[in-house]
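The values are calculated or read from the model by the stated rules, or taken from the named source; none is laboratory data. Everything quoted here is computed from the prediction, not taken from an experiment. In this analysis, Cβ positions are derived from the backbone assuming ideal geometry, glycine residues included, and neighbour counts consider all displayed protein chains. For accessibility, only protein heavy atoms count, side chains too; no ligands or nucleic acids. Shrake-Rupley method; radii C 1.70, N 1.55, O 1.52, S 1.80 Å.
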Amino acid sequence: MTATDPAPLAEGGWDRIFVVGAGPGAPDLITVRGLRLLERADLVVYAGSLVPTALLDAVPEGARVVDSAGMALREIVATLADGFNAGMRVVRLQTGDTSLFSAQMEQMRALAERGIPVEIVPGVSSANAAAAVLGVEFTLPEISQTVIYSRAAGRTPVPEGENLPSLAAHGATLVLFLSVQMIHRVVEQLAQGGYAPDTPVAVVHKATWPEQRIVRGTLENIVERVRDAGIKMTALIVVGRVLEGATLPEAEFHYSKLYDPGFGHGFRRRAGAAGV
Ligand SMILES: C[S@@+](CC[C@H](N)C(=O)[O-])C[C@H]1O[C@@H](n2cnc3c(N)ncnc32)[C@H](O)[C@@H]1O
């Protein structure tokens, strides 16, 4: 049995708690591994604010299902730990991917203090889902080779070195979580940091949910458009010229080296090279 093969674990009790990324919204965007674990769980503690309840249909009848939306950290950890210590197969189901803005580390530390091992099963982040529904690639040659995931400072502060104007100064692709309710201030700070007024911006609300909405614009007009659309939460703000990737004139589009016939690499020899 290895850490990357949960199948044998499923047959008997589990020797760890699985923290599973539920994906961005559409219930079939969980991983196969995550779904298999849900199908065998005795206790599922899920983040009810954003995890699609349709996923809970996969949980066996008779299993205990707990919504953590109204619970504090101590209560969540106690529920997970008590279930595990009673021999239950326990899944902690979190929204999107567990590595981004999920408060996962504080839960893992508390479980580690109790001597309970945890294995993470990654999920599809809403950032990945936003790129998909926008039909964009976040990294394009000569435009941006960097993606910054961040948020505006709100009740949760952001370290001083990561303030929005300093992030904007990179001109990279920027994906902001938990910030749409402050979009007016966000746009001011991004402009202050150096994005041009005509920089493309997209706001994606509830990507892959039935109620998904997309608002597109530029730094100059996005505030008004988002206000008109009435989007106040559960959205990502995506900023950068990569949003124009599909519509750039051919002369301005830069091709990657990956599929360039004149460029060889470990899996493909350069066209015209000896023997090719
Ligand atoms: C607590 S964070 C969780 C992020 C999650 N771990 C992820 O990987 O997507 C919640 C924020 O993520 C963003 N979010 C989550 N799901 C979303 C979706 N389906 N569409 C757009 N934004 C989403 C919103 O900014 C929301 O306020």
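Some notes on this structure:
- Relative packing of peptides 256-267, 86-97, 230-241, 60-71 - highest average C-beta neighbours within 10 Å first: 86-97, 230-241, 60-71, 256-267
- For the chain: relative contact order, % (alpha-carbon pairs under 8 angstrom, 6 or more apart): 17 percent
- Prolate/oblate/rounded call for the chain, Cα gyration tensor, a/c under 1.5 rounded: oblate
- The stretch 145-276 - Kirkwood radius from inverse mean 1/r over Cα pairs (Å): 16.7 Å
- For Arg74 and Met105, the difference between the fully extended length at 0.36 nm per residue and the C-alpha to C-alpha distance is 9.8 nm.
- Where the chain is the region considered: accessible area per residue in Å², 1.4 Å probe: 53 Å²
- Cα-based Kirkwood hydrodynamic radius, the stretch 31-153, one decimal, Å: 16.1 Å
- Of the solvent-accessible surface of the stretch 12-124, computed with a 1.4 Å probe over protein heavy atoms with every protein chain present, carbon and sulfur atoms account for 50 percent.
- Candidates Glu250, Glu39, Glu224, ranked by Gaussian network fluctuation over the chain, Cα under 10 Å, top entry: Glu250
- Of all accessible heavy-atom area on the stretch 127-252, the percent that carbon and sulfur account for (1.4 Å): 51 percent
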